[in-house]
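The values are calculated or read from the model by the stated rules, or taken from the named source; none is laboratory data. Remember, it's a predicted structure, so these values are computed and weren't measured experimentally. Cβ coordinates were reconstructed from backbone atoms using ideal geometry, including for glycine residues, and neighbour counts include every protein chain displayed. The area values use the complete protein model at the heavy-atom level, side chains included, leaving out ligands, DNA and RNA. Shrake-Rupley method; radii C 1.70, N 1.55, O 1.52, S 1.80 Å.
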Amino acid sequence: MVAQVRRRREAAERCEPLDCGHQDPIDCEAAGSDTTGAQNYAPDAQPVTEPDPDVLTELWANAKVAWCARDFPKYGSPEWIALGPEDPRRLAGALEAAEMWRKYGDEDELCEWLKRLGRQPNLVDTRSRAQLDTLAKPKPPHQLEATPGWPPIRVPGGNGRYLKHTEGRAAA
């Protein structure tokens, strides 16, 4: 709220002064000047006073305690709406919602993403039974061959045998 008041004051300083010399219509009301048309601008506006920093610090600390204890209703729920504007649990709920939005984005989009993630892929195979049986047959073992220019290869389980490349064929 303090930052909002500061931004409003800074914006008012950039504007042309009103007929009474004030920059902000709220200043006109506070001074009791009716010549500026401030009554038309904000007929029920009260002078804005900056809140006490101790009150803001206490609100923030209490909201942090409520957030850590998870003692606050979900943002936007009827319980959250029923809380007073000065209730730190209200601030904790709003902060939690903002953090969830920062991390995960739109809640509906997140739910859709989780649904898509949980769907199983299409497991229906269009191949015939004979094709699947052919694919399931064991393959013959790989035959080791010595390569020209490479050193001899030890044959696994061959009791110390090595494959050596000879002219025209590999020897075991």
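Observations on the structure shown:
- Some residue of the range 77-97 being open to solvent by 100 Å² or more (accessible area, probe 1.4 Å), touching a Phe, Trp or Tyr at 6+ places or on another chain (Cβ under 7 Å) and in a loop (DSSP other than H, G, I, E, B): no
- Residue check, Trp150 modelled with pLDDT of 85 or more and surrounded by 10 or more Cβ atoms within 10 Å (Cβ to Cβ): yes
- Of all residues in the range 100-147, exactly one satisfies the criterion of being open to solvent by less than 80 Å² (accessible area, probe 1.4 Å) and among the β-branched types (Val, Ile, Thr), namely Thr147.
- Qualifying residues in the range 60-76 (those that are aromatic (Phe, Trp, Tyr) and open to solvent by 70 Å² or more (accessible area, probe 1.4 Å)) - the one modelled with the highest pLDDT: Tyr75
- Meets criteria (within 51 Å of the chain's Cα centre (by Cα) and within 30 Å of Val5 (Cα to Cα)) for Gly118: no
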